[in-house]
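Reviewing the structure listed below.
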């Protein structure tokens, strides 16, 4: 392939722009905020599941407390009726009176047991409410952190994208100035060579692969016509001579 030496040297400018674009794209993808947000999102999801479990536990505790209160009502009412009957002096039969007194003692024991259970259930409700509040507060804190990180990430991406826009504009201008066959070759080589399609020949060394040409290859490079497009024998990249 033949190409004007000046156009060949301009390939190095194009390569520098493409390298910069690749680096900027990489920086956009590797912003630390991405990983931090992913970690926070994982924690937020876990807290969401724990919050659902805490809400379920609170609901169950409230239901159990409500049931305990409902169970106490009839027993207390029965005790009031029995005590009223005994205190009113209307029970004259000794056996009936004795039976009623025994029932009152049993009811008091039953009420004491139920009240203890109710107290435990009230404490369970308080504990469940506290756990729900703690988890919700932690999740809110994480969401606040995520909002701050999103704002920081978006600002960083915007800056990088502005730089990318400038670089791509420069690339478009360079492409318009270069011969299409040379650009096509450059693009094909670049696509299979890690994003580097053209490299400078510095002394005997190709700056693309870093390998020095052997004496015979180097002599061939030196003997080539200025407009001949050289290719590195080691990495196959376009080898640009920086001086005529």
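Rounded to the nearest 10 degrees, the inclination of helix 5-29 to the longest alpha-carbon principal axis of the chain is 10 degrees.
The distance between label points at residue 222 and residue 122 comes to 10.1 nm (points 7 Å beyond Cα on the Cα→Cβ vector). Placing a pseudo-label 7 Å from each Cα along the Cα-to-Cβ vector at residue 154 and residue 85 gives an inter-label distance of 7.4 nm. For the chain, the spread of Cα coordinates along the three principal axes comes to 136, 34, 24 Å, biggest extent given first.
In this simple spin-label approximation, residue 39 and residue 93 carry label points 7 Å from Cα along the Cα→Cβ vector, and these lie 8.0 nm apart.
Taking the longest Cα principal axis of the chain as reference, the axis of helix 180-192 is set at about 50 degrees. Taking other C-beta atoms within 10 Å as the exposure proxy, 186, 218 rank 218, 186 from fewest upward.
Report the residues of region 152-194 in range of a label on residue 20: point 7 Å along Cα→C-beta, backbone N strictly under 14 Å from it. Taking a point 7 Å out along Cα→Cβ of residue 20, the residues of region 152-194 whose backbone N falls under 14 Å are 160-175. Against the chain, whose longest principal axis comes from its Cα atoms, helix 32-87 is set at around 10 degrees. Over the chain, calculate the relative contact order: mean separation of alpha carbon pairs under 8 Å at least 6 apart, over the residue count, as a percent. Value for the chain: 34 percent.
Values quoted throughout were computed directly from the atomic coordinates according to the rules given, and no laboratory measurement underlies them. Note that this is a predicted model, so its numbers are computed, not measured. Heads up, the Cβs are rebuilt from the backbone with ideal geometry, glycines too, and the neighbour counts pull from every protein chain shown.
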